[in-house]
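Here the structure is laid out as structure tokens; the discussion comes afterwards.
The values are calculated or read from the model by the stated rules, or taken from the named source; none is laboratory data. Here the structure is a predicted model, which means the values were calculated and not measured. Cβ: placed from backbone, ideal geometry, glycine included. Neighbour counts: every protein chain shown.
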Amino acid sequence: MKKLMFANLIVITSVLALNANASCSGSYYGSSSCSDSGFDLTKRVSFKDGEAKQKLNGVKKGDVFKYTFKIENKTDETKTLKLIDNLPNELERVGGIGFTEEVTLGKKSSVKLVMEVKVKDSEFDNKKDFEKCVVNTAQLYKDGAKKESSSATVCYGEGVAKSLPETGPNDIFAVVGLVLATAGIVIRRSIAR
């Protein structure tokens, strides 16, 4: 009986630990959000006059593209937030906002900010028939605590970028299944004795 109670405790603890992260979600290409933060950050990428999306393909040497950041305050108070976007080594800022921006938003309001970027010329030097995708993540802070993050992907070089695997909740279900299967084996053995 003690073994059965111990096995149940292991299962319950494992499920609770996995659910602790359930309020935050994210994907390889997109945003990571904690639903109770009171804020929202959405980052998109596009060519200067193109449609903003999470992934931009076909960037060539010299192309300028832009990251658009939508910051939303969903609270009933005016808040000052800090947006930090340190570009990956492959990219360089050519205009728009800086790497760190402080924004004050009134209650239940939002703002859009734009950073103009290009792939460094050195990324194309002495290379032929290649493609590379770079994921760039921005973070939103309030009083030094990270509240939100959002990512956008840029693919450059020659050729068409291949799809990257999606990640997310399926990994959690696999872990929960493994824990439950192990608990079932332990319970079955303890009952058989």
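So which residues in the stretch 91-105 are in contact with a strand residue (DSSP E or B) (Cβ under 7 Å, 6 or more places away or on another chain) and exposed (fewer than 12 other Cβ atoms within 10 Å of the Cβ)?
95, 100, 102, 104
Give the stretch 135-165 a look and list any residue that's more than 30 Å from residue 122 (Cα to Cα) and modelled with pLDDT under 90, or say none.
Across the stretch 135-165, there are no qualifying residues.
So, in the stretch 47-88, how many residues would count as being more than 26 Å from residue 107 (Cβ to Cβ) and β-branched (Val, Ile, Thr)?
Of the residues in that region, 2 qualify.
Among 83, 56, which is the only one that is buried (at least 18 other Cβ atoms within 10 Å of the Cβ) and at pLDDT 95 or above?
The conditions single out 83.
For the stretch 90-129, which fully contained strands (runs of 3 or more DSSP E) count at least 2 residues that are among the hydrophobic types (A, V, I, L, M, F, W, C) and under 20 Å from residue 48 (Cβ atoms)?
Filter on the stretch 90-129 gives 91-96, 109-119.
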